[in-house]
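What follows is calculated from the coordinates using simple rules that are stated; it is not laboratory data. Every value quoted in this text rests on a predicted model; they were computed, and no experiment measured them.
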Amino acid sequence: MGNPHEIGHKVQDQTLDAVGKAEDAVVEAVTAWTETANKAPTSDDFTKQFPTIAEIIDSNFDFAQRILNNQRDFAHRIIAATTPKPAVPKAKAVEKPATAKKTAPAKTTAAVKKTSPARQPGAATTST
């Protein structure tokens with residue numbers, strides 16, 4: 001058994017062959033019917049107002065092609081929407097020079113770090 005790609009092509013080829021044989025049979029039947037129908041009288045004035053069969057075929061196949069193109073685009077957009085995006089590192093915030101004020105970081109000293117328990121957040125205050 002071949003790889004999935006080869007199997008897919010074989011199935012496509014067989015399908016196209018079967019469709020071609022069916023189309024040949026239809027063409028033969030339509031040819032026979034047309035030969036019989038052409039023997040009947042026609043009204044050319046009535047039929048001139050309609051597009052030709054070739055124009056109808058071209059119009060319908062053009063429309064089908066547009067639908068297929070839209071479906072292909074849709075499928076690609078769905079794949080893009082469901083494909084995980086690579087993680088982008090967060091950019092550092094850049095201060096704007098004209099509006100940003102530069103402040104020096106607060107200096108910490110040993111004295112500030114050794115504040116009394118009364119000054120600690122959440123600590124009870126005592127009075128003397």
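Worth pointing out:
- Computed from phi, the 3J(HN,Hα) profile of region 18-27 under the Karplus parametrisation 6.51, -1.76, 1.60 (θ = phi - 60°) reads 5, 5, x, 5, 5, 5, 4, 5, 5, 4 Hz, with x in place of Gly and Pro.
- Oblate is the label for region 1-85, because a/c, from the alpha-carbon gyration tensor with a ≥ b ≥ c as root eigenvalues, is 1.5 or above and a/b does not exceed b/c.
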